[in-house]
1. Could you tell me how many degrees, from 0 to 90 and to the nearest 10, lie between the Cα long axis of helix 200-211 and the main elongation axis, the longest principal axis, of the Cα atoms of the chain?
2. Would you please put 139-151, 57-69, 202-214 in order of how densely packed they are, using the mean number of other Cβ atoms within 10 angstrom per residue and starting with the highest?
3. Among 36-43, 18-25, how do they line up by average Cβ neighbours within 10 Å per residue, starting with the highest?
4. Counting alpha carbon pairs within less than 8 Å and at least 6 residues apart, what relative contact order, in whole percent, applies to the stretch 115-200?
5. Between 0 and 90 degrees, rounded to the nearest ten: what's the tilt of helix 51-65 against the longest Cα principal axis of the chain?
6. What number, rounded to the nearest 500 deg cm²/dmol, is the helix-based mean residue ellipticity at 222 nm of the chain, given -39500 (n - 2.57) per DSSP H run of at least four residues and division by all its residues?
7. Could you grab the relative contact order for the chain? Cα pairs under 8 Å, six or more apart, rounded to a whole percent.
8. May I have the extent of the alpha carbons of the chain along their three principal axes, as whole Å values ordered from largest to smallest?
Ligand code: NDP
């Protein structure tokens, strides 16, 4: 059994790789290799905005491991700024990685899963894709789009025994959120009912559940893991 994780070298993706490594061989599409690979990890330098690199990477995985059972579309970036000042490039780059990258990986991996007549696709969206956020129009659109993609793929692939679900994390301590000023961080914590940021492991545990047989009757679902942030307003 093999799980392919995009952006698996650090942050949430690394925690997912570590958590899934007890049940799956791990393949990791990222720009840089992880500092500490898990056992037998297949690292493939792959920019997920390139369909060519994705196809080549998948060919290598199939050659070596013959199967892809789980795909976790996790790679993502932010390029924040108010809409009126947002450059074309900041819009395009975020949409290309967060949404198109997930589509390209899902398209290629689902071809394998369709032949296998089984598979699980798990998309790491964001609570911002549901709630929206000032200064994150590009990010919110990409993550909202990822939820719509999740539901569409869930409908398309259900007949082939492939489930597709999304996770919508709130604020999780990684390099992505280290960019926030202390003032901003404290303001956010004030609004979170459980009064703290989450850990990458909080997301990895739900990915492990969605990848397991216990979740085989769940598809097209979006699970918020946000300590109550989305219900607090
Ligand atoms: P990090 O910035 O810590 O890690 C992101 C990883 O994705 C990095 O390893 C990065 O590689 C990789 N990556 C970026 N672009 C590409 C690309 N084009 N091709 C392949 N890999 C790429 O982010 P997080 O761990 O915090 O976030 C992971 C996911 O969770 C993202 O989709 C994010 O939007 C989502 N999320 C995060 C939240 C948070 O609070 N942290 C909240 C909600 C959602 P490199 O090192 O080269 O940049």
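Just so you know, all these numbers are worked out from the coordinates, no wet-lab data involved. None of the values given here were measured: they were computed from a predicted structure. With ideal geometry, Cβ positions are generated from the backbone for all residues, glycine too; neighbour counts draw on all protein chains shown.
1. Its long axis makes an angle of about 40 degrees.
2. Working: 139-151: 20.8, 57-69: 16.2, 202-214: 18.1.
In decreasing order of mean packing, 139-151, 57-69, 202-214 become 139-151, 202-214, 57-69.
3. Numbers: 36-43: 14.8, 18-25: 17.9.
Ranked by mean Cβ neighbours within 10 Å, highest first: 18-25, 36-43.
4. Numbers: 99 pairs, mean separation 27.3, N = 86.
It rounds to 32 percent for the stretch 115-200.
5. Around 50 degrees separate the two axes.
6. Taking each H run of at least 4 residues, the total per residue is -13000 deg cm²/dmol.
7. Numbers: 456 pairs, mean separation 45.9, N = 233.
Computed over the chain, the figure is 20 percent.
8. Taking max minus min along each principal axis of the Cα atoms, the chain gives 49, 37, 37 Å.
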